[in-house]
Amino acid sequence: MKKNILRSKIKQIFIKHQLSKKHSEICADYLIKAELVEARSHGLLRLKMYCDRIKKKLINPKPKIRIKRISSSISHINADNSIGFVSADIAINQAIKNAKKTGIGLVAVNKSGHYGLSSFYAEQAVNKNLMVFCFTNAPPALAPHGAKKSLFGTNPICFGVPTGKIPFILDTSTSIINRGKIRRAYKLGEKIPYGVALNKSGKITTNAKEALLGTQLPIASFKGSGLAWMVDILSGVLTGSSHGGKTKDPFDDFTGPQNVGHLFITINPKIFVGRNFMREIKRNIKLVKKLPKAKGFSSILYPGERKYKTYKKNLNKDISIPLKILKEMDYLNAI
Ligand SMILES: NC(=O)c1ccc[n+]([C@@H]2O[C@H](COP(=O)([O-])OP(=O)(O)OC[C@H]3O[C@@H](n4cnc5c(N)ncnc54)[C@H](O)[C@@H]3O)[C@@H](O)[C@H]2O)c1
């Protein structure tokens, strides 16, 4: 489907679900961006889920988002159960403003929802020549190291920095793969990779449904579990959101709003070394890239490089949408 047609269809769907025109456009743009970078786990797959939660009054389509100023650098946002895209968009723009004024911005968000890919927000800060960290917590998917039961989310860690060329954006789940990839495999009847999840009896499974009912495995064993815990503290405990396994699963827990938390930290990278920063970051990347290549590698990529190229490659192409998701869109548009 052509990008502009898809954009107006998604916008129309959100408007029919009572979102304002402006908020509908923000959501449509983020969902399309996920398709363009081929992160389909975070694109149209989730459209029905967001609409279902709005219909059940678990996402507030007309939120009164309040920004509390704590200092020139620090802001605390109550998202009033807004759709995550909107509150995170407001928060990253506030964090950018704060860092432009003082050199550092720290913005915490509570009462929010699933916000898609952290890189959406990191890119905005990097495009304004800032260094950035983004954190969000997510519903239970990982068992803490030593536990039998899932409690941590796939809690992503995202770090971005301007390079003068393609932004460096490391945006990784603390699970081996993100949960959306498993959701999508389940929806489309596909298998998941071997070694990323266990079934309810603790055995490795490639069956998506069994994986959703079991637990996902963290990156690097207890280290990944520790990082997922850190993200739960930063985006849950610190912001005043749900934490400790209380974040609700947007797909199958309709007992209340998700109450997800996000934390954004923006830093002017020139604060310590001035203009030398850009010279040194370029040098740093050059030093890594010119290393002799391991067998099977023709180049060394930095985080974000491949996604950026994928985005550019797809920018003017039609977006292919599985039939099952097209039917969902027709259904949502007919409401
Ligand atoms: N909102 C939420 O609740 C939530 C939860 C979990 C994950 N997510 C999102 O899911 C995405 C992460 O999913 P994932 O962990 O399956 O991602 P992934 O494994 O595809 O990528 C992780 C990181 O590795 C980098 N990378 C990939 N291949 C590389 C290569 N060959 N060389 C160098 N770097 C490379 C990527 O640029 C990326 O920064 C993120 O965008 C994250 O924000 C969102």
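A short reminder: the numbers here are calculations on the coordinates, not readings from a lab. These figures come from a predicted structure and were not determined experimentally. Here Cβ is always computed from backbone atoms with ideal geometry, including for glycine, and neighbour counts include all displayed protein chains.
What the table shows:
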{"read-out": "Choice from Asp29, Asp252, Asp52 showing the highest fluctuation, given a GNM over the chain with Cα pairs closer than 10 Å", "value": "Asp252"}
{"read-out": "Cα radius of gyration and Dmax for segment 1-60 (Å)", "value": "11.0, 32"}
{"read-out": "Tail weight of P(r) past 15 Å, computed on alpha-carbon pairs of segment 249-296, percent", "value": "70"}
{"read-out": "Among 272-283, 144-155, 303-314, the order from most to least packed when residues are scored by Cβ within 10 Å on average", "value": "144-155, 303-314, 272-283"}
{"read-out": "Of Lys97/Lys309; Lys100/Lys286; Lys9/Lys289; Lys100/Lys248; Lys9/Lys101, those spanning more than 32 Å from alpha-carbon to alpha-carbon", "value": "Lys9/Lys289; Lys100/Lys248; Lys9/Lys101"}
{"read-out": "Space enclosed by the convex hull of the alpha-carbon atoms of segment 229-273, per residue, Å³", "value": "97"}
{"read-out": "Segment 132-219: mean projected area of Cα convex hull, nm²", "value": "6.5"}
{"read-out": "Antiparallel bridge percentage (DSSP; both residues within the chain; nearest 5)", "value": "85"}
{"read-out": "Segment 1-60 and segment 120-196: distance between their alpha carbon centers, rounded to Å", "value": "20"}
{"read-out": "Label-point gap, in nm, between Lys295 and Lys149 - each point 7 angstrom along Cα→Cβ", "value": "4.6"}
{"read-out": "Efficiency of FRET between Gln18 and Lys187 - r from beta-carbon atoms, R0 22 angstrom, step 0.05", "value": "0.30"}
{"read-out": "Cα-based Rg of segment 1-147 normalised by 2.2 N^0.38 Å, two decimals", "value": "1.09"}
{"read-out": "At 1.567 mPa s and 4 °C, Stokes diffusion of the chain via Kirkwood alpha-carbon radius, µm² per second", "value": "63"}
{"read-out": "Of Ser221, Ser320, Ser75, the one that fluctuates the most in a GNM where the chain has Cα springs shorter than 10 Å", "value": "Ser320"}
{"read-out": "Assigned charges on the beta-carbon of Lys, Arg, Asp, Glu; segment 251-328 dipole about Cα centre (debye)", "value": "960"}
{"read-out": "For segment 252-263, 3J(HN,Hα) per residue [Karplus equation, 6.51 cos²θ - 1.76 cosθ + 1.60, θ = phi - 60°, Hz, x = Gly/Pro]", "value": "9, 10, 10, 8, x, x, 5, 6, 7, x, 10, 9"}
{"read-out": "Segment Thr206-Lys3, extension gain: residue separation times 0.36 nm, minus the distance between their alpha carbons", "value": "69.7 nm"}
{"read-out": "Charge dipole of the chain about the Cα centre (unit charges at C-beta), most positive-ward option of Val126, Leu142, Ala197", "value": "Val126"}
{"read-out": "Under the Debye formula (equal points on every Cα, no solvent term), log10 I(q)/I(0) of segment 176-306 at q = 0.10, 0.16 Å⁻¹", "value": "-0.56, -1.07"}
{"read-out": "Relative contact order (%) - criterion: Cα under 8 Å, at least six apart; region: the chain", "value": "21"}
{"read-out": "Assigned charges on the beta-carbon of Lys, Arg, Asp, Glu; the chain dipole about Cα centre (debye)", "value": "780"}
{"read-out": "Calculated SAXS-style log₁₀ I(q)/I(0) at q = 0.11, 0.19, 0.20, 0.21 Å⁻¹ - segment 31-116, Debye, Cα scatterers", "value": "-0.36, -0.85, -0.90, -0.94"}
{"read-out": "Entries in Lys62/Lys327; Lys111/Lys246; Lys165/Lys223; Lys149/Lys246; Lys48/Lys324 that, when Cα-Cα distance is taken, lie over 23 Å", "value": "Lys62/Lys327; Lys165/Lys223"}
{"read-out": "Full-extension gain in nm, Tyr311 to Leu287, via 0.36 nm per residue minus C-alpha separation", "value": "6.0 nm"}
